[in-house]
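Data first, discussion second: the structure below is written as C-alpha cells.
The values are calculated or read from the model by the stated rules, or taken from the named source; none is laboratory data. Being a predicted model, the structure only gives us computed values, none of them experimental. Please note: Cβ atoms are built from the backbone with ideal geometry, for glycine as well, and neighbour counts cover all protein chains shown. The area values use the complete protein model at the heavy-atom level, side chains included, leaving out ligands, DNA and RNA. Shrake-Rupley method; radii C 1.70, N 1.55, O 1.52, S 1.80 Å.
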Amino acid sequence: MAHNDVVYWSMQELQESVPSNAQVLAFGDSWFHYPMLGGSLINNIGDLVKPTGRKILVTGKNGVEIRKFAEGYWQQRFRSVIRFYGQTCDAILLSGGGNDFAGFDDLRPLLKGDCSSATTAEECFRDGDGEDTIIRLQQQVRAAYAQLITEASLTIPGSAKFFAHNYDYAPVTGKGFMGGEAWIRPALEDARVPKKLHNACVKLIIDGHSNTLAQLQSSLPGRFVFIDSRNTLGPKDWANELHPTGKGFDKVVKAAWVSPLKLAGLI
C-alpha cells in the first residue's frame, strides 16, 4: 500500500503506478516501516518530497539489521533494487544500526555478567574489541554501511547522495510494541545494570553509532550525509522503547531531515 502516491513499499505496486520510476531509494528497519497511526520517518519524508514529483521505493522490514543488507537475502534485494532503479536515482536513504544492538539476543552479549557494582555505563559493557563487544559491533555496522555504499556507487549517478540517521536516545521504559516484550530493559535487568545507568547505556550505544556515521561522512564528503537526530524527542514523543509516536517521527523529520534534504535539492 502506497502512501500519498509517493512512498511505495512494494516494487510491484510501484511498477503498476504512473509514472513507475523511483528517484529515491530507501533501505532499512522499522523507522522506515513502522505500521502505527502517523507512520514512520519515510511517510513524513515522502510528504516533503511529493511536490518535486519524485517517488520513494522502500525496501526492508521491521527488525532488520543493517548487517543483513550486506549478506544473503537482503543483499540480493538491495542489489535488485539498485539494478532496476539505481541509474536514475537522486538519493539513497538508510535506516539501520538500531536493531543490531536492540533486543535481548543482541544487547545482552555486549554486557558483562553482573553489572550491579557499576558506576558508569562504560563499566557495564564488555571490554576490548573481540567478539560480543560494542567496539566489534560498531566495526561490523560500519563495514555493512561501507559495503552498501560501495556497491550502490557502481551504479548510481555521481551526483546522488546517501543519507543515514542515528535515531535518538530511546527511554528505557520496558514498553514494547503493542504490549510485547521490550527491546532494551530486559537485557539490562538480566545483567543487573543499576536502574540509574539504564538511559546512560542507551546514550553510549547511540553516541557510538553516531560516531560511526560521522566517520563515514568525513571519509565521503559530499556523498554521504549523516542526519543527527539526537536530543530531538522528549519522553512523551516515544510510543515504546524503540519507536517515536507519529508526531514524534514528524518532529524528527522537521528538526533533522528538512535542512539537509533542501540543501541536496530533494525538497
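Please list, in chain and number order, the residues 5+ apart from residue 224 or on another chain whose amide H is under 5 Å from its amide H, with Hs placed from the backbone.
When sequence neighbours closer than 5 places are left aside, the close amide H contacts are 162.
Provide the percentage of antiparallel DSSP beta bridges, counting only those with both residues in segment 1-151; round to the nearest 5.
Looking only at bridges with both residues in segment 1-151, the antiparallel portion is about 15 percent.
Taking the Cβ of residue 169 as the center, what net charge do the other residues with Cβ under 13 Å away carry, scoring Lys and Arg +1 and Asp and Glu -1?
Net charge in that neighbourhood comes out at -3.
So which cysteines of the chain have no other cysteine's Cβ under 4.7 Å from theirs?
Unpaired cysteines in the chain: 89, 201.
Does segment 117-184 classify as rounded, prolate or oblate by the C-alpha gyration tensor (a ≥ b ≥ c root eigenvalues; a/c under 1.5 gives rounded; else a/b over b/c gives prolate, otherwise oblate)?
Verdict is oblate for segment 117-184.
Amide H neighbours of residue 125 under 5 Å, counting only residues 5+ apart in sequence or on other chains, H built in-plane at 1.01 Å?
Amide H neighbours of residue 125, under 5 Å, 5+ apart: 112.
What's the magnitude of the charge dipole for the chain around its Cα centre, counting Lys and Arg as +1 and Asp and Glu as -1 at the beta-carbon? Answer in Debye, nearest 20.
For this selection, approximately 620 debye.
Any of 50/254; 112/196; 203/254; 161/247; 61/254; 68/161 with alpha carbons more than 19 Å apart? Name them for me.
Where the Cα-Cα span goes over 19 Å, the pairs concerned are 203/254; 161/247; 61/254; 68/161.
Calculate the FRET efficiency for residue 71 and residue 150 from the Cβ-Cβ distance with a Förster distance of 22 Å, rounded to the nearest 0.05.
About 0.95, to the nearest 0.05.
Take the Cβ-Cβ distance between residue 189 and residue 127 as r, set R0 to 22 Å, and report the resulting FRET efficiency rounded to the nearest 0.05.
Once the sixth-power term is evaluated, E becomes 0.55.
Leaving ligands, DNA and RNA out of it, report the carbon-plus-sulfur percent of the accessible area of segment 124-254 at a 1.4 Å probe.
50 percent
At 0.36 nm per residue, and after removing the present C-alpha to C-alpha distance, how many nm does the segment from residue 10 to residue 87 gain when stretched out fully?
Difference between extended and current length: 25.8 nm.
Just to compare against my own numbers: the Cα pair-distance distribution for segment 170-267, 5 Å bins, whole % per bin, please.
Result returned by the calculation: 2, 12, 17, 19, 19, 14, 9, 5, 2, 0.
Whole-Hz Karplus ³J(HN,Hα) for segment 138-148, in order, using 6.51 cos²θ - 1.76 cosθ + 1.60 and θ = phi - 60°, x for Gly and Pro?
For segment 138-148, the Karplus-derived couplings read 5, 5, 5, 5, 4, 4, 5, 4, 4, 5, 5 Hz, x marking Gly and Pro.
Under the Karplus relation 6.51 cos²θ - 1.76 cosθ + 1.60, θ = phi - 60°, what is the ordered set of whole-Hz ³J(HN,Hα) values for segment 253-267, x standing for Gly and Pro?
For segment 253-267, the Karplus-derived couplings read 4, 5, 7, 10, 9, 4, 4, x, 5, 5, 4, 7, x, 8, 9 Hz, x marking Gly and Pro.
Given 0.36 nm per residue, what is the gain on full extension from residue 116 to residue 135 after removing their alpha carbon distance, in nm?
Once the chain is fully extended between residue 116 and residue 135, it gains 4.6 nm.
Residue-wise, which Karplus ³J(HN,Hα) couplings in Hz belong to segment 64-78, taking 6.51 cos²θ - 1.76 cosθ + 1.60, θ = phi - 60°, and x for glycine or proline?
6, 8, 4, 5, 5, 6, 9, 7, x, 4, 6, 5, 5, 5, 4
What FRET efficiency would be calculated for the residue pair residue 178, residue 104, taking the C-beta separation as r and a Förster radius of 25 Å, to the nearest 0.05?
0.90
For a quick check: with amide H placed at 1.01 Å from N, whose amide H comes under 5 Å from residue 93's, ignoring anything fewer than 5 positions away on the same chain?
25, 26, 27, 163
So with the 1.4 Å probe, I'd like the accessible area per residue for segment 10-140, rounded to whole Å².
Using a 1.4 Å probe on heavy atoms only, each residue of segment 10-140 averages 43 Å².
Among (1) 21.1, 66; (2) 18.4, 57; (3) 18.3, 61, which one is Rg and Dmax of the Cα atoms in Å computed from these coordinates?
The value computed from this structure is option (3).
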